[in-house]
Amino acid sequence: MSGCKRTDLARLWRLVTSTLLALALQVGSQAAEQAADAGAPAGMTIWPEPKPVPKVDFVDGQGRPRTLADFTGKVVLLNVWATWCGPCREEMPTLDRLQAQFGGSDFRVLALSVDLDGAQVVRDFYREIGIQHLELYIDDSARANRSLNAFGLPVTLLLDRQGRELGRKLGAAEWDSPEVIEYLREVIASSQRN
């Protein structure tokens, strides 16, 4: 595909995604507030029962094929984002700090970029704002949005050790807040007992 056509598609995708995000935030905010678990941090909606997550294909920073199944056994905070999304850009440092502070054998922040221009634009962004602890994951087809019913950016899903969705948040959050850290500790401890 020529650069011009790819750029036009990228602009169209940005417009569609931004419009859908605004609509989803407007229409869904009341329902999300009513469904949210009062103990959940960052305005997340926590489901009464874990939900299955469809297969999501993407690549890592070296271009190797990956799926969410590669992270089975860890609690995962899956953040779907793009460099052109203002709220995504604002929350990315908090995700980086969360991974630095809390990431390990039991937990991982998986920041999945849906930038149509691929890995280099994400590498440049990481370097520009000093991201040091998040690995690079890219879905330059943006199919993850459709697969995950993520019709706005950013969207963040909390996945249990079996890869099931425990809850989600549409919009930016302060992911390294003490409340989030404490909540994640509880989720991880609970998942070790089950």
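The values are calculated or read from the model by the stated rules, or taken from the named source; none is laboratory data. Just so it is clear, the model here is predicted, and its values are computed rather than measured. Methodologically, a virtual Cβ is constructed for each residue, glycine included, from the backbone with ideal geometry; neighbour enumeration extends over all protein chains shown.
For this structure, a couple of remarks:
- Qualifying residue in region 173-193 (condition: closer than 21 Å to ARG64 by Cα and acidic (Asp, Glu)): no
Matching residues to (1) modelled with pLDDT of 95 or more; (2) within 30 Å of ALA189 (Cα to Cα); (3) not acidic (Asp, Glu):
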residue: THR19; (1), (2), (3): no, no, yes
residue: ALA32; (1), (2), (3): no, yes, yes
residue: ALA40; (1), (2), (3): no, yes, yes
residue: GLU49; (1), (2), (3): yes, yes, no
residue: VAL75; (1), (2), (3): yes, yes, yes
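- For the residues LEU116, LEU159, the requirement of being of a type in the set (A, V, I, L, M) and within 15 Å of the chain's Cα centre (by Cα) singles out LEU159.
- Test: residue in region 105-122 that is without any contact (Cβ under 8 Å) to a residue 24 or more places away in the chain and either farther than 29 Å from GLU182 by Cα or crowded, with 23+ Cβ neighbours inside 10 Å (or both): yes
Every residue, every condition in (1) under 16 Å from the mean Cα position of the chain (by Cα); (2) among the hydrophobic types (A, V, I, L, M, F, W, C); (3) over 21 Å from ASP106 (Cβ atoms), yes or no:
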site	(1), (2), (3)
PRO54	yes, no, yes
GLY61	no, no, yes
ARG64	no, no, yes
GLY73	no, no, no
LEU78	yes, yes, no
THR83	yes, no, yes
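- Failed item, numbered, when LEU134 is tested on (1) surrounded by fewer than 15 Cβ atoms within 10 Å (Cβ to Cβ); (2) at pLDDT 95 or above: (1)
- Taken as a whole, region 128-146 holds no residue that is touching a residue at least 60 places away in the same chain (Cβ under 8 Å), closer than 27 Å to GLU49 by Cβ and touching a Pro at 6+ places or on another chain (Cβ under 9 Å).
- Taken over region 138-158, the criterion of being surrounded by 17 or more Cβ atoms within 10 Å (Cβ to Cβ) and in a helix (DSSP H, G or I) is satisfied by ALA144, ASN145.
- When the residues of region 159-194 are filtered to those that are of a type in the set (Ser, Thr, Tyr) and in a helix (DSSP H, G or I), the one that is surrounded by the fewest Cβ atoms within 10 Å (Cβ to Cβ) is SER190.
- Boolean, VAL155 is among the β-branched types (Val, Ile, Thr) and touching a residue at least 40 places away in the same chain (Cβ under 8 Å): yes
- The set of residues in region 78-131 being closer than 21 Å to ASN145 by Cβ, acidic (Asp, Glu) and outside any helix (DSSP H, G or I) consists of ASP115, ASP117.
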